Amino acid sequence: MTFSLKRMYAIFNKDLKDLSKNMYVLTTIITPVVLAFLFSRQDELILQMHYLIINLTFATVATFVQSALIAEEKEKNTLRGLMMSPASIGEILIGKSLVSTIMTVVTLIVCMRIMGYSLGDAPIIITAFVLVISFYIALGTWLGLVTRSLIEASIVIVPIMFLLGMGTLLIEIIGEYPILSFLEYFPNFQLEFLALRVEEGASWTNLGSYFGIIMLWLIAMCILTVVTYRKRAVNGE
């Protein structure tokens, strides 16, 4: 079966229409924008505050919107029909990810403009953003597949939003309790650490460990998502 842009676009267009009717999901997009506006009123914003909003945008927009779109289809019993359609797994997953990706990028740009954040080394930061957004989209897809309804997805996303969206606020606590040091390997921490190194003048060759860890998270999440999708397609759950 060949990859069809027409089928992928049809899936994207359907999700876009569904999202435009779901005010509950759309209101989550406002959260990082409102916080960005409040933070922008401070005299000077440190890099950590910029990345608090950036990571929160990834968690609340990329992950939650993606999980909500899929969970809502499961709730309406339409996801099974899509799985059994001629559309391939790539067409379905990419098509259903485009809306969340576009919404994330737009929200991210708006938040950065409000806060006045400029990319230190644009190619490096943009590459990191692409990898991290891909991880959060994959995470949202998986959450949508394992939850049974939009309400359930809304509940499950809360700890995700805290750990991956606002988890960098725990950096001082992690310093006091070494047992929590594993949290520093989460993608949100790695992204912030990478940005700090870029601000210090680090080049591509000095950032391999950060990119490597983020890539491992992305690969693991993609594998988990594909395995879960295929299991749902076979079992009809």
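The values are calculated or read from the model by the stated rules, or taken from the named source; none is laboratory data. Just so it is clear, the structure is predicted and the values come from calculations on it, not from any experiment. FYI the Cβ positions are ideal-geometry reconstructions off the backbone, even for glycines, and counts take in every protein chain you see. Please note that ligands, DNA and RNA were not included when accessible areas were found on the heavy atoms of the full protein model with its side chains. Shrake-Rupley method; radii C 1.70, N 1.55, O 1.52, S 1.80 Å.
Tabulated data
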| item | result |
| --- | --- |
| Alpha carbon Rg of the chain, scaled by the compact-globule rule 2.2 N^0.38 Å | 1.03 |
| Probe 1.4 Å - accessible area at Thr27, Å² to nearest ten | 70 |
| Acute angle (nearest 10 degrees) that the helix 47-57 long axis makes with the longest principal axis of the chain, alpha-carbon atoms | 10 |
| Size of electric dipole in the chain: Cβ of Lys, Arg +1 and of Asp, Glu -1, about Cα centre, debye, nearest 20 | 1220 |
| Crossing angle, helix 208-235 versus the chain [Cα axis fit, 0-90 degrees, rounded to tens] | 20 |
| ³J(HN,Hα) computed for each position of segment 104-111 - Karplus, 6.51 cos²θ - 1.76 cosθ + 1.60, integer Hz, glycine/proline x | 5, 4, 4, 4, 4, 4, 4, 4 |
| Dipole in debye (nearest 20) - segment 100-237, about Cα centre, beta carbon charges: Lys, Arg +1; Asp, Glu -1 | 640 |
| Equivalent ellipsoid, segment 155-237 (semi-axes from 5 times Cα gyration tensor eigenvalues, Å) | 29, 19, 10 |
| Of Pro178, Ile11, Phe64, farthest towards positive along the dipole that unit charges on Lys, Arg, Asp, Glu beta carbons give the chain | Ile11 |
| Local electrostatic count, Gly144, Cβ distance below 11 Å [Lys/Arg +1, Asp/Glu -1] | 0 |
| About the Cα centre, charge dipole magnitude for segment 12-58 (Lys/Arg +1, Asp/Glu -1 at Cβ), debye | 260 |
| Rounded to whole Hz, the Karplus (6.51, -1.76, 1.60) HN-Hα couplings of segment 118-124, x for glycine and proline | 10, 5, x, 10, 3, x, 5 |
| 0 to 90° range, to nearest 10: angle between helix 150-160 axis and the chain longest Cα axis | 20 |
| Percent of C-alpha pairs per 5 Å bin, segment 76-192, short to long | 2, 9, 14, 19, 18, 15, 11, 6, 3, 1, 0 |
| Accessible-area value, Val226, 1.4 Å probe, nucleic acids and ligands omitted, Å² | 40 |
| Where trypsin sites (Lys or Arg not before Pro) fall in DSSP loop in segment 1-64, at most 14 other Cβ within 10 Å | Arg41 |
| Rounded to whole Hz, the Karplus (6.51, -1.76, 1.60) HN-Hα couplings of segment 163-168, x for glycine and proline | 6, 9, x, 10, x, 5 |
| Heavy-atom accessible area ranking, 1.4 Å probe, most first, across Met23, Met115 | Met23, Met115 |
